[in-house]
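Below is one structure; the comments refer to it alone.
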Amino acid sequence: MAQDVLQGHTIHWQSFGEGERPALALHCMLGTSDLWAPVLEPLGDRITATAFDLPGHGQSARWEPDGTPGSYQTLATRIAAGFIDRPLDLIGHSFGAVVALRIAVGAPQAVRSLTLIEPVLFEAITGSPDWVDWRGKQDRLDALLASGRHEEAAKDFLEDWGAGVPWAVLSERNRSRFIAQMPMVEDVSQANFTDPGRIWRPDGIEAIDTPVLLIHGEKSPAACAAICTAIAARLPDVGVASVPGAGHMLPLTHAKQLSDLIALNLDRS
């Protein structure tokens, strides 16, 4: 594990593999870079992958809200861009996949291949029944956070996006950590609906001319597959894969399947 100061934040990062191709992997909200180890290590003869802890996660410095909606997504994007010095294989999960997509739209020349695991870009399905369902869930989360009920908010969030571990089974340390991270979840969740980076703008995604693979779990919320389908419809070189039996936390529960799918996408570039 190493550390650098990027965008004014102390960021811890680690590297997996010794392959000739550089890669960057971006983890989900409430995760850490450690989640990537079982996914990336089997690819170590092909890529050298960097994974970092997002601000307020793992061993990176805390994040404090600045009052600007969507500021966390912008900060994460700028930090991720600081690890890119030549075209690389870009991999992201959930919130990390939204950041990866934002980078690919803003600087398509920096991306050699793009693997997106359940990007939570709800803007892509605005107005659909799935959007209406999750907009309702977001309204409930916003209400809980606005009233200071962070423990209830954390419990609800993990029921939807966690690995299926009941709240009562989690250690007190993990419960406390998740509760403390709720202000980040609030900012990021709102950004997933409002798209502050204008990822979904006309002709934005179409600029990505590298192989893209979109992955979702068979048992994930229906919105995840819908978002993947909507993004894929705007890309010229894209594949979509559903992982049997998987929910949202695929890097944790289906690492081998992800490694195999990422390898297939590497073969295309």
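Quick check on this structure: which one of L158, L144 is of a type outside the set (F, W, Y), open to solvent by less than 10 Å² (accessible area, probe 1.4 Å), more than 18 Å from G197 (Cα to Cα) and assigned to a helix (DSSP H, G or I)?
The conditions single out L144.
Criterion first (crowded, with 20+ Cβ neighbours inside 10 Å, in a loop (DSSP other than H, G, I, E, B) and of a type in the set (S, T, N, Q)) does S113 satisfy it?
Judged against the criteria, S113 is not a match.
So G127 clears everything in (1) touching a helix residue (DSSP H, G or I) at 6+ places or on another chain (Cβ under 7 Å); (2) without any contact (Cβ under 8 Å) to a residue 60 or more places away in the chain except one condition, right? Which one?
Among (1) touching a helix residue (DSSP H, G or I) at 6+ places or on another chain (Cβ under 7 Å); (2) without any contact (Cβ under 8 Å) to a residue 60 or more places away in the chain, G127 violates only (1).
Out of the residues in segment 68-96 meeting the condition of being open to solvent by 70 Å² or more (accessible area, probe 1.4 Å) and part of a loop (DSSP other than H, G, I, E, B), tell me which one is modelled with the lowest pLDDT.
P69
What do you reckon, is E172 within 18 Å of M29 (Cα to Cα), out of contact with any strand residue (DSSP E or B) (no Cβ under 8 Å at 6 or more places or on another chain) and surrounded by fewer than 20 Cβ atoms within 10 Å (Cβ to Cβ)?
Answer is no for this residue.
Residues being part of a loop (DSSP other than H, G, I, E, B) and of a type in the set (V, I, T): count how many of those fall in segment 189-230.
Residues meeting the conditions: 3.
Restricting the first residue to segment 28-46 and requiring it to be closer than 11 Å to F16 by Cβ and among the small types (G, A, S), which pairs with a second residue that is in a helix (DSSP H, G or I) and at pLDDT 95 or above meet a Cβ separation below 9 Å and a spacing of at least six or different chains?
So the pair list comes out as A37/A255.
G127 fails exactly one of the following numbered conditions: (1) open to solvent by 20 Å² or more (accessible area, probe 1.4 Å); (2) part of a helix (DSSP H, G or I); (3) small (G, A, S). What is the number of that condition?
Here G127 meets the rest and fails (2).
Out of A61, A100, A104, A49, report the one residue that is in a strand (DSSP E or B) and in contact with a Ser or Thr (Cβ under 9 Å, 6 or more places away or on another chain).
Among A61, A100, A104, A49, only A49 is in a strand (DSSP E or B) and in contact with a Ser or Thr (Cβ under 9 Å, 6 or more places away or on another chain).
The values are calculated or read from the model by the stated rules, or taken from the named source; none is laboratory data. As the structure is a computational prediction, the values presented were derived from the model and not from experiment. Cβ atoms come from the backbone with ideal geometry, glycine included; neighbour counts cover every protein chain shown. These area figures cover heavy atoms from the full protein model, side chains too; ligands, DNA and RNA do not enter into them. Shrake-Rupley method; radii C 1.70, N 1.55, O 1.52, S 1.80 Å.
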